[in-house]
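Data first, discussion second: the structure below is written as structure tokens.
Coordinate-derived values only; no laboratory data. These figures come from a predicted structure and were not determined experimentally. Using ideal geometry, Cβ is built from the backbone for each residue, glycine included, and neighbour counts are taken over all protein chains shown.
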Amino acid sequence: MAGERKQGTVGIFGTGDFGRSLGLRLLQAGYEVVFGSRDPKNSALVPKGSKVMTHTGAAQMAQVIFIAVQRDHYDFLTSLTPALEGKVLVDISNNLKRGQFPQSNAEYLSSLVPGASVVKGFNTVSAWALQSGALDASRQVLVCGDDPKAKQAVVDIAHSLGLSAQDRGSLGAAGELEDIPLQLFSNWRLPLWVATGLTAFVLLYLLVHDVTYSYVEKGQDNFYRIMISLPNKAFPIVALIMLALCYLPSILAAILQLHNGTKYKRFPDWLGRWMLCRKQLGLVALALASLHVLFTFVKPIRYYFLHRKDTGVIEQIKENITEPFDNTEAWRSDAYKSLGVLGFAMFLLLGITSLPSVSNALNWREFHFIQSKLGQLTLVLCTAHTLLYGWDKFLQPDRYHWYTPPAYMLSLVLPCAVLVLKFIFLTPCIGLRVARIRRGRERPGKSRSEHATVPMDKATSL
């Protein structure tokens, strides 16, 4: 079978999990794989079809060698300097924390073996991803190095394994690549903090407004509502506010562009970070909206709901009365529920199109239409759903407990403001000016010396 291979020979120093997984994928891609080991006789763990020999022997057979050992064990490579002369060494190591060493692992490796061409790569791909086929985000290989031919050799190997590759520049970028696997939900931190803070505030507000007020003023013990009723009010409130936060930064960007008269002036850093995490803001909002749906499904089987329903029927029977059918309330109730269903369905569509496997199948115009136009329609439906929930309650003085408005009114402030601003920017006198600026036209006296922190297609999406 070895004679049928069309690829070359690749060396791997190290027989750990990653080295074995990489060796198996290379064999499947048609490469001849040779492992360099301190104990060549212990070859039971390596993939079937590969060879195991000393480090020197493996270095002599392969032109490209993957260094699948930790930085602490690089010292043995200094004795192999003659055998590694002119070879391509692929450093795949990572560290336990940022700034662990003053010099990146790849640069340190290059100083140990100056005659070799060191390329940093494959450190963002896990052994599990190699074994399972490297789906979605695990499919990309980032490479950097000072030798273009050496980088191209690594890129070719990545492509032959069904992976995509991205050149990140010289070996000086190795430290940045080594920090990537250490990032933990970097784009999710702000959305999660916003969701946590808003949820805590709304729950506390509801606790005071709905529960504590009844206990203090009326002597009613409604603290059982903490388990379902209060979360079922808090989650949709926070979800609606966070959905509005997805579309507010594009409005702020347009206001800044109108003020500056150009699209080439840098946005503030806080606005740039806000724009880059809008996808995560929307997904967290979708998760909260989903919890609202689940809590609503539980409502008919709650003890409180069943008790109140049965008691109401019994009271009507005792008093021999029947509540008349309220046509207006029927319209309001059905419209409220219908808009909620439609809004949640559109919300789900936005979440589905955010998945890489789905968004990659859409062109930019299709993706922009769904995330921007349909996203704004989602905001309209969810806002209308909340307005119908409140109906005329804002006119009833007894709803303002301790002079504070019902919580749903607080949730409408930001969405309504965003929708009003969106409507203003749709007017020709303002919308056309923004469109001309985004096509590159500038007000006289403006220069392009400063560029926007976020590309305009990103600023206007959502």
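Work out how much length residue 321 to residue 70 would gain on full extension: take 0.36 nm times their residue separation and subtract the Cα-Cα distance, in nm to one decimal.
Extending this stretch completely gives an extra 82.2 nm.
Looking at the chain, which longest stretch skips every one of the GluC sites (Glu not before Pro) that is in a DSSP loop with at most 15 other Cβ atoms within 10 Å, leaving the sites themselves out? The partial results should precede the final answer.
Working: sites that count: 85, 450.
Counting at most 15 other Cβ atoms within 10 Å as exposed, the longest clean stretch of the chain is 86-449.
Counting DSSP beta bridges in the chain, what percent are antiparallel, to the nearest 5?
Beta bridges within the chain, antiparallel portion: roughly 10 percent.
When Lys and Arg each count +1 and Asp and Glu each count -1, what net charge do the other residues less than 13 Å away from residue 81, Cβ to Cβ, add up to?
Once positives and negatives cancel, what remains is -1.
Based on the Cα atoms of segment 12-157, what semi-axes does the equivalent ellipsoid have, where each is the square root of 5 times one gyration tensor eigenvalue, given in whole Å with the largest first?
Semi-axes from the Cα gyration tensor: 21, 20, 15 Å.
Quick check on the chain: helices-only [θ] at 222 nm, where DSSP H runs of length 4 and up contribute -39,500 (n - 2.57) each and the sum goes over total residues. Nearest 500, please.
The helix-only estimate for the chain comes to -16000 deg cm²/dmol at 222 nm.
Take residue 227, project a point 7 Å from its Cα along the Cβ direction, then tell me which residues of segment 299-314 have their backbone nitrogen under 17 Å from it.
299-308
Please work out how much length the chain gains when fully extended from residue 293 to residue 443, using 0.36 nm per residue of separation minus the C-alpha to C-alpha distance, in nm with one decimal.
Values: separation 150, 0.36 × 150 = 54.00 nm, distance 4.88 nm.
Gain in length upon complete extension: 49.1 nm.
Please work out how much length the chain gains when fully extended from residue 200 to residue 308, using 0.36 nm per residue of separation minus the C-alpha to C-alpha distance, in nm with one decimal.
My answer for the length gained is 36.0 nm.
Count the net charge of all other residues whose Cβ sits under 15 Å from the Cβ of residue 190, scoring Lys and Arg as +1 and Asp and Glu as -1.
+3
Check every DSSP H run in the chain and write down those whose alpha carbon atoms cover 27 angstrom or more along the long axis and whose mean Kyte-Doolittle hydropathy is 0.5 or greater. Can you show the working numbers first?
Details: long enough: 229-260 (47 Å, 1.36); 278-298 (30 Å, 1.40); 327-353 (39 Å, 0.57); 407-426 (30 Å, 2.29).
Those that pass (Cα extent of 27 Å or more, hydropathy at least 0.5) are 229-260, 278-298, 327-353, 407-426.
Normalised by the empirical 2.2 N^0.38 Å for globular proteins, what value does the Cα Rg of the chain take?
Working it through for the chain, the quotient is 1.35.
In the structure shown, do any of 120/149; 279/299; 337/393 have a Cα-Cα gap over 19 Å, and if so which?
279/299
Could you line up 400, 264 from fewest to most neighbouring Cβ atoms inside 10 Å?
Sorted ascending by nearby Cβ count, the order is 400, 264.
In the chain, with Lys and Arg counted as +1 and Asp and Glu as -1 at Cβ, which of these residues, 245, 440, 328, has the Cα nearest the positive end of the dipole, that is, farthest along it?
440
What is the set of long-range amide H partners of residue 119 at a cut-off below 5 Å, with H atoms built 1.01 Å from backbone N?
89, 90, 91
Lys and Arg at +1, Asp and Glu at -1: add these up for the other residues within a Cβ distance under 15 Å of residue 284 and post the number.
Within the 15 Å Cβ shell, the charges total +3.
So for 409, 227, 242, fewest C-beta neighbours within 10 Å to most, what's the order?
On the way: 409 17, 227 11, 242 26.
Ordered from fewest to most neighbouring Cβ atoms within 10 Å, 409, 227, 242 come out as 227, 409, 242.
Quick one: compute the contact order of segment 154-311, relative version, from alpha carbon pairs under 8 angstrom and 6+ residues apart, as a percent. Before the final figure, lay out the partial values.
Working: 90 pairs, mean separation 42.5, N = 158.
Contact order relative to length: 27 percent.
Scattering from the C-alpha atoms of segment 268-355 alone, worked out with Debye: what is log10 I(q)/I(0) at q = 0.13, 0.17 1/Å?
Listed by q, the Debye log ratios stand at -0.70, -0.92.
By a straight-distance test (C-alpha under 22 Å), which lysines pair with residue 41 as possible cross-link partners, with residues fewer than eight away in the same chain excluded?
Candidates past the 8-residue exclusion: 51.
Under the rule a/c < 1.5 gives rounded, and otherwise a/b versus b/c splits prolate from oblate, where does segment 189-460 land using the Cα gyration tensor?
Since a/c reaches 1.5 and a/b is larger than b/c, the shape of segment 189-460 is classed as prolate.
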